[in-house]
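Heads up, the thing below is written out as structure tokens.
The values are calculated or read from the model by the stated rules, or taken from the named source; none is laboratory data. Remember, predicted model here, so these are calculated numbers, not experimental data. When we count neighbours, we look across all protein chains shown, and the Cβ atoms used for this are built from the backbone with ideal geometry, even at glycine. Heads up: the accessible areas ignore ligands, DNA and RNA and are worked out on the full protein's heavy atoms, side chains in. Shrake-Rupley method; radii C 1.70, N 1.55, O 1.52, S 1.80 Å.
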There are 2 protein chains.
Amino acid sequence: MSDSNGTLRRRATLAAFRGAGLRPENGSSAGPPASSGTADRTAHDGPKKRDLSLERPTKKSEKKKRNNEVSDRLGCHKTRESLLSSASGYNNYRGVLNWCVVLLVLSNARLFLENLLRYGILVDPIQVVSLFLNDPYSWPAGCLVIVSNVFILVALYTERQLSKGSFSELAGFLVHCINMAIMLTFPAIVVLLVPSMTPVGGLFALGVHTILFLKLYSYKDVNLWCRELSTAKAKKLARSLSCPSPQHFNGGSSKVCYPGNLTVRDMYYFVFAPTLCYELNFPRSSKIRMGFLLRRLFEMLFFTQMLVALTQQWMIPIIQSSMKPLEDMDLSRMAERLLRLAVPNHLMWLMFFYWFFHSSLNFTAELLCFGDRQFYRDWWNSETVTYFWQNWNIPVHKWCLRHFYKPLLRRGFSKIVSQSAVFFLSAFFHEYLVSVPLRMFRLWAFTGMMAQLPLAWFVGQFLRGNYGNAAVWMSIIIGQPFAILMYVHDYYVMHYRKEAN
Amino acid sequence: MSDSNGTLRRRATLAAFRGAGLRPENGSSAGPPASSGTADRTAHDGPKKRDLSLERPTKKSEKKKRNNEVSDRLGCHKTRESLLSSASGYNNYRGVLNWCVVLLVLSNARLFLENLLRYGILVDPIQVVSLFLNDPYSWPAGCLVIVSNVFILVALYTERQLSKGSFSELAGFLVHCINMAIMLTFPAIVVLLVPSMTPVGGLFALGVHTILFLKLYSYKDVNLWCRELSTAKAKKLARSLSCPSPQHFNGGSSKVCYPGNLTVRDMYYFVFAPTLCYELNFPRSSKIRMGFLLRRLFEMLFFTQMLVALTQQWMIPIIQSSMKPLEDMDLSRMAERLLRLAVPNHLMWLMFFYWFFHSSLNFTAELLCFGDRQFYRDWWNSETVTYFWQNWNIPVHKWCLRHFYKPLLRRGFSKIVSQSAVFFLSAFFHEYLVSVPLRMFRLWAFTGMMAQLPLAWFVGQFLRGNYGNAAVWMSIIIGQPFAILMYVHDYYVMHYRKEAN
């Protein structure tokens, strides 16, 4: 934020403006305008003594100088427009950004203080453990994650058989399909049926399985493409593509070719790598930068604490106080609670974004020497809804593009249909990850995702530039807490009202 | 806010970043990087069809094209940094300003709704009348304003006698001094002693007299300077300065020379003109622009209504609810109320600024064909406290510079002393305009103005650029409601607690 040239720049702008803005209409006032222009900026400068024009020695006689001074005093007005008049052509409102920041900080300091005065300190880091565990001797989510290794090894085994020709392509495809179908259904059934599974634990287990599902789907696809290339007639061409020749690389490490990649080590590197798209030879960074690693680790720990503290201190009281208006369907009070929830929810989402996409994924990548750190692009500047969805979550976007959208296009579907299919898939997984852990099928998350399609059409059609950007921000800030409030309301009605009756 | 080139610009920035950010460390992945770079931006573009590279016909054979496509699919990672890593060199956070604006709008919408739900509608435009009038048959403030004409005419009479030589310079000076001393003390005594005078009426009457005081002081000074010039030995030189020769003006209207300006018409033009600095020949605009005049008139009416409505609906409930914490001197609750008051108070100050310095002064200037519309400069960008005080109120700043600061410098005082004297004078008038109408001498306004000196030193010494700008905003947003709360508390304790006991 700080720039030491700011003052100079501002003065230059002002000087330029002054030059442009002075249009004498009916005649200028008495006295030379140039000298009065500099003279009226000397006052108050005080300790800094920026403008020393008054002290400058002149060669004029003392009397003449005195007369000039008197005439300067006599005429002090010039014909000019106010800065805020459109006629002035002035448009330097740089200070407005600082004004926004100061006002946001002050408003939130006020909310913080009000919250503390009303509720006292509610932060309790130990309480977090209870979100994952109901019964300290039963770890269903952990067990599910351990079990997931089975799916990984089945996929690897299938690919090995396929590469040796022991499985036909069809058999391999069927085994993969069954493996992946079980990978999505088995944990869902466990989460729904095991009573000691908490919603947060269930979300964690299902999230791990969803990520694995996407990774193994990519693994299957890429190995299939490699086989297609190597069984192609143009043997020479294929070889140079599926495994680049050594002169392409300046480094020493040799590159892996198709069947050579089917190792447990390679498989687990991919499983832990911060990407969903499999590749035989990932770009690698040369060494682990310890400073970078420790900064990311510190951020991870700090933001975890912040997220927990903000949830306990800020979100939960608002959600609890919204139950009454939601039950009564009191619309104006519901809107007030929604707006009240929107700010902390949005700040937490931003923290979560930074925590996950910057700190955690970069930490993992640095640890694994994984070279491609593009986990997000500049979604904060997005002027269309599609730009936002294309840029905020690059691993998922890349997967959708490579393994879903482009294959659909290649099969002859139109762009519109393929795009809608991507949103449909995304909506399915959103619903899967929310409904199953909560044991509630309400379709709010699904509807929320699918509502992005008409929203994208509307914003793309009617809003441009900064208005589009503001509309995207608005949809992020308002849309999320709306969906959350819906789920919370239904969860509350299901669990607590039942108890009360 | 809207710019249709936004998308193009963003794309250019992104492209530039991509070019700069791709530094392969250990070797690139399989497949030509250029084509994968464009290909991974085609998805989701949907209805807009911005990027048609996939449809472009190629001259390669179908088989080669297919092989290339497959190899594109195989390698989809590149060595690159995350945008938020300092190593990426990325710094386009244009969307952040929109984020701030959206968040401010939403927070204030929330406050608005909460306020309506809690208090209902409190706006009552008729109630405003009671601020000016206690007794509908007694108009003390109006009478005072009518009486002020006496001071104007005394000043004009004195100057006429001085120009004719009927008064000696000393006698004229004494008459002016007595006239101006009465101008400040007589209304103050009336406001203090007449019981039907309301605080708002008193403020209005004293404000009018203060403005007149500054104007007549300038009138006296300028006429004195003109006499000094015309009685100077260099008759020719003086003439060309105190009354410019005709060839300087392209327009037709003749310019007034020294004794010719001492007319009732010229005096009253100056009294109503939106400036505090007298000049013999003000720059004039050529005609009255009706559209401009009507826009300013509409703004004046609109912002008057807004200011009244916001005060009744937003300020008064907060001030009333702050009385209890203020009485108990409960510090954390006082801070919370102060921050709660800061936002509406600041918004109202901004509205007042626009209403007075842009709408009202421009309206008056347009009506009087007054050419110099520089009533404020770009104080919103100020990075030092002195810059703010030099630029937010140009009429007063110009007067202080011409009739107080520069004369002090000419008499040999140092810059620091003269600057402090200006702040002292300003502090005196602030206190005069607040204490007398409220009939309470507490020195909060005086202290507030004088506190600007150490604040200016601190900000100038330690903060630069945007930090300085943020500090200035902070002092404006927090300082004002603090002083207001102090006065309101004392006023409340004096009037309402007395009644309660």
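Divide, for the range A:377-446, the radius of gyration over alpha carbons by 2.2 N^0.38 Å, where N is the residue count.
Expressed relative to 2.2 N^0.38 Å, the Cα Rg reads 1.24.
Probe radius 1.4 Å, ligands and nucleic acids left out: can you give me the accessible area buried at the A-B interface, summed over both chains, in Å² to the nearest hundred? Write out the running numbers ahead of the final one.
Working: alone 31000 and 30920 Å², together 47940 Å².
Counting both chains, the buried surface is close to 14000 Å².
Based on the Kirkwood radius over alpha-carbon pairs, what value in µm²/s does the Stokes-Einstein equation return for the translational diffusion coefficient of the range A:245-375 at 10 °C and 1.306 mPa s?
87 µm²/s
I want to check the label-to-label distance for residue B:441 and residue A:192. Put each point 7 Å from Cα in the C-beta direction and report it in nm to one decimal.
Going from the residue B:441 label point to the residue A:192 one covers 8.3 nm.
When the Debye formula is applied to the Cα atoms of the range B:423-469, each taken as the same point scatterer, what base-10 log of I(q)/I(0) results at q = 0.15, 0.16, 0.20, 0.24 Å⁻¹?
Log10 of I(q)/I(0), two decimals: -0.48, -0.52, -0.65, -0.77.
Looking at the square roots a ≥ b ≥ c of the eigenvalues of the Cα gyration tensor of the range B:308-349, which shape do they give, rounded for a/c under 1.5, prolate if a/b is larger than b/c, or oblate?
Since a/c reaches 1.5 but b/c is at least a/b, the shape of the range B:308-349 is classed as oblate.
How big is the C-alpha Rg of the range B:353-407 next to the rule-of-thumb value 2.2 N^0.38 Å, as a ratio? Intermediate values should be presented prior to the final figure.
Numbers: Rg = 12.3 Å, N = 55, 2.2 N^0.38 = 10.1 Å.
Output field value: 1.22.
Given a 1.4 angstrom probe, what's the average accessible area per residue across the range B:255-369, in square angstrom?
With the other protein chains kept in place, the range B:255-369 gives 43 Å² per residue.
Report the Rg/Rh value for the range A:187-231, based on alpha-carbon coordinates and the Kirkwood definition of Rh.
1.30
Taking just the alpha-carbon atoms of the range A:80-149, what radius of gyration and Dmax come out, in angstrom?
26.4, 80
Could you list, in their original order, any pairs among B:164/B:415; B:164/B:287; A:164/A:287; A:164/A:215; B:255/B:406 whose Cα atoms are separated by more than 31 Å?
Correct reply: B:164/B:415; B:164/B:287; A:164/A:287.
Across the Cα atoms of the range A:87-192, what radius of gyration and what greatest pairwise Cα-Cα distance (Dmax) are found, in Å?
28.2, 81
Amide H of residue A:372: which non-local residues (sequence gap of 5 or more, or other chain) have their own amide H closer than 5 Å, using H built in the peptide plane?
B:80
Using the alpha carbon gyration tensor of the range B:313-440, what are the three equivalent-ellipsoid semi-axes (square root of 5 times each eigenvalue), largest first, in whole Å? Mind showing how you got there, number by number?
Working: eigenvalues 215, 98, 42 Å².
Ellipsoid half-lengths, sorted descending, are 33, 22, 15 Å.
Say a label goes 7 Å from Cα toward Cβ at residue B:298 in every copy; what distances in nm does this one have to the rest, shortest first?
So the distances to the same position in the other copies read 5.6 nm.
For the range A:409-434 and the range B:317-337, what is the centre-to-centre distance using only Cα atoms, to the nearest Å?
Taking the Cα centre of each part, the range A:409-434 and the range B:317-337 sit 55 Å apart.
At a Förster radius of 30 Å, what calculated FRET efficiency corresponds to the Cβ-Cβ distance of residue B:451 and residue B:108, to the nearest 0.05?
Once rounded, the FRET efficiency stands at 0.55.
At 25 °C and 0.890 mPa s, what whole-number value in µm²/s does Stokes-Einstein give for the translational diffusion of the range B:380-421, with Rh from the Kirkwood sum over Cα pairs? Provide the component values of the computation, followed by the final result.
On the way: Rh = 10.9 Å.
D = 225 µm²/s.
Taking the rotation axis that maps chain A onto chain B, which residue of A brings its Cβ closest to that axis, and at what distance in whole Å?
Taking the axis that maps A onto B, the answer comes out as A:100, 2.
Tell me the accessible surface of residue A:444 in square angstrom (1.4 angstrom probe, heavy atoms of protein chains only), to the nearest ten.
90 Å²
Give the value in nm², to one decimal: projected area of the alpha carbon convex hull of the range A:448-501, averaged over all directions. Mind showing how you got there, number by number?
Numbers: hull surface 17.0 nm².
Computed as one quarter of the Cα hull surface, the answer is 4.3 nm².
Tell me the Kirkwood hydrodynamic radius of the range B:374-501 in angstroms, computed as one over the mean inverse distance between distinct C-alpha pairs.
16.2 Å
Given q = 0.18 Å⁻¹, what are the Debye log10 I(q)/I(0) values for the range B:129-183, with equal point scatterers placed on the Cα positions and solvent ignored?
-0.64
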